[in-house]
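Enquirer: My structure is below; once you've seen it, I'll send some questions.
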Amino acid sequence: MDHSKAPVLDALKAYHAENQTPFTPPGHKQGRGADPRVRAVLGDAVFLSDVLATSGLDDRMSSQGIIEHAQELMADAVGAEHTFFSTCGSSLSVKAAMLSVAGPHEKLLVGRDAHKAVVSGLVLAGIVPIWVDPQWDADLHLAHPPSADAFRAAFAEHPDARGALVTTPTPYGTCSDLPGIARVCHEHGVPLIVDEAWGAHLPFHPDLPTWAMDAGADVCVTSVHKMGSGLEQGSVFHLQGDLIDPQVLKNREDLLGTTSPSVLVYAALDGWRRQMVEHGHALYDDALALAKSVRARIAEIDGLHVHGRDDFCGPGRASDMDPLQVIVDISALGTTGYRVADRLREKHRINLHLSDHRRSSAQLTHADDEASADALVTALAEAAAHADELRPAPRIEVPDPAELRLEQVILPRDAFFGRTEQVPWEKAVGRITAEMLTPYPPGIPAALPGERLNAEVLRYLRTGVDAGMVVPDAADTEVKSIRVAIED
């Protein structure tokens, strides 16, 4: 296929050249009605390109197939059989994939390190989750993706499961054994869904971890806005094989998606695909070289340790890791990742990716350069040199893996939509949570609807909030009270 073409961008260019006059949404009429103060911040180009996908780029009566052509080009670029664009992020895409595999009261094997969007899909669909435990590194207090053997054991216990879902790479950059998990699923004749939100760039360089389609996955969800050049909410999901009907997948996306998709988001997805096909290898040559340099420079700072494959990969751990996720262990400084991140934001106007009780991380992409790398390293060095100002940090009570693993008592949907009450956190021990309690980032629930709470998880969340953890989904974001199910 001719990847020099960008159908959505080309159509936008033609639309502007024709000087069309719309009597349709959006009501700002290409910016003419927008407040000048808004235009001064956003720019006129945003409004000029914010047009309808139909009766704008495409005609209602005789579709020119612009979006379909752009999706076909994306599929060809990465070697998938079918590709669908989403303007509601991978949060929508992963729900569409789940609903294509399992329905109400049907089982789906799910890695317990799943993002909150997956839990939302369980709530909406009434799917029965069969949780597959991650691999826990007791020394680093970090969960790596579940192993293929863990999925094999889950299938042995639940042979009626309709499929499996795994998250890889994780927000920490660790990757699962996708070929092994795909083989396990296909031995049982069911599909594998991969939430690869952090891996949109993986198809475009051989030194990056193997991406889901090459590993044999059936559906792969990627957030182009995370590691690519997409606008926020720009996501694609790819399909291959015959275990999921592409029309069923598209139907589920139609069920959940907006009827007013953003052409701006489509155009950015389209342009990113062209950029990657034409320049992706060279761009990631540079990005990987920069990441190697950044890692080496940070490792020379007293009190900082940069995690690499030696730390994260091997038997009982991850299968691979994305070197563009620069995970820095700051525990030797005697403080928390939250405090380091706060200092970099307040003193240096640098926003780190994610932080926890002992780590902070920086996400590098093809957009970074020596200037941004220098700013990061300088800021981390300054924070390490002034670590005494970040101590003493409040202690976070991190439970052992067995204490973190809560019992799923009722379906997430039943707990979420059932009768609830708000109780003080101390009195929530032994109760069934009716809400997601999700430290953010990375957005992986510590407790989710239908699980029975224990004292250890509640103390972890309470002490975490006091130390700087954010739990935005909770009805009480300070986690001083919890929404729980009323049990008969």
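Enquirer: What is the one condition in (1) closer than 23 Å to residue 150 by Cβ; (2) in a strand (DSSP E or B) that residue 119 does not satisfy?
Expert: Failing condition for residue 119: (2).
Enquirer: Considering only residues of segment 125-144 that are in contact with a strand residue (DSSP E or B) (Cβ under 6 Å, 6 or more places away or on another chain) and assigned to a loop (DSSP other than H, G, I, E, B), which is farthest from residue 115 (Cα to Cα)?
Expert: 127
Enquirer: Something else about it: Name the residue, out of 415, 428, that is buried (at least 22 other Cβ atoms within 10 Å of the Cβ), over 25 Å from residue 168 (Cα atoms), touching a residue at least 60 places away in the same chain (Cβ under 8 Å) and not assigned by TED's automatic domain parsing to the domain that holds residue 118. First the steps, then the outcome.
Expert: Numbers: 428 fails: touching a residue at least 60 places away in the same chain (Cβ under 8 Å).
So the residue among 415, 428 that is buried (at least 22 other Cβ atoms within 10 Å of the Cβ), over 25 Å from residue 168 (Cα atoms), touching a residue at least 60 places away in the same chain (Cβ under 8 Å) and not assigned by TED's automatic domain parsing to the domain that holds residue 118 is 415.
Enquirer: It is to be established whether one or more residues within segment 267-276 are of a type outside the set (A, V, I, L, M) and either out of contact with any helix residue (DSSP H, G or I) (no Cβ under 9 Å at 6 or more places or on another chain) or farther than 16 Å from residue 67 by Cβ (or both). Even if it seems obvious, please write down each step before you answer.
Expert: Applying the first criterion (of a type outside the set (A, V, I, L, M)) to segment 267-276 yields 270-275.
Those left that are additionally either out of contact with any helix residue (DSSP H, G or I) (no Cβ under 9 Å at 6 or more places or on another chain) or farther than 16 Å from residue 67 by Cβ (or both): 275.
Yes, some residue in segment 267-276 is of a type outside the set (A, V, I, L, M) and either out of contact with any helix residue (DSSP H, G or I) (no Cβ under 9 Å at 6 or more places or on another chain) or farther than 16 Å from residue 67 by Cβ (or both).
Enquirer: Taking residue 402, is it buried (at least 22 other Cβ atoms within 10 Å of the Cβ), among the small types (Gly, Ala, Ser) and either modelled with pLDDT of 95 or more or under 30 Å from residue 168 (Cβ atoms) (or both)? Steps first, answer last, please.
Expert: Numbers: buried (at least 22 other Cβ atoms within 10 Å of the Cβ): no; among the small types (Gly, Ala, Ser): yes; either modelled with pLDDT of 95 or more or under 30 Å from residue 168 (Cβ atoms) (or both): yes.
Criteria not met by residue 402.
Enquirer: Filtering segment 1-60 down to residues that are assigned to a loop (DSSP other than H, G, I, E, B), surrounded by 14 or more Cβ atoms within 10 Å (Cβ to Cβ) and touching a Ser or Thr at 6+ places or on another chain (Cβ under 6 Å), which residue is modelled with the lowest pLDDT?
Expert: Per the stated criteria, the residue is 55.
Enquirer: Pairs needed: first member in segment 246-261, among the small types (Gly, Ala, Ser); second member anywhere, exposed (fewer than 14 other Cβ atoms within 10 Å of the Cβ) and not in a helix (DSSP H, G or I); C-beta distance under 9 Å; at least 6 residues apart or different chains.
Expert: Partner pairs satisfying both residue conditions: 260/25.
Enquirer: Related question: Name the residues in segment 356-380 that are of a type outside the set (Lys, Arg) and either at pLDDT below 95 or within 25 Å of residue 139 (Cα to Cα) (or both), would you? Quick ask: steps written out before the conclusion?
Expert: Residues of segment 356-380 of a type outside the set (Lys, Arg): 356-357, 360-380.
Answer for segment 356-380, where residues must be of a type outside the set (Lys, Arg) and either at pLDDT below 95 or within 25 Å of residue 139 (Cα to Cα) (or both): 356, 357, 360, 361, 362, 363, 380.
The values are calculated or read from the model by the stated rules, or taken from the named source; none is laboratory data. Computed from a predicted structure; not experimentally measured. Note that we place each Cβ from the backbone using ideal geometry, even for glycine, and neighbour counts take in every protein chain shown.
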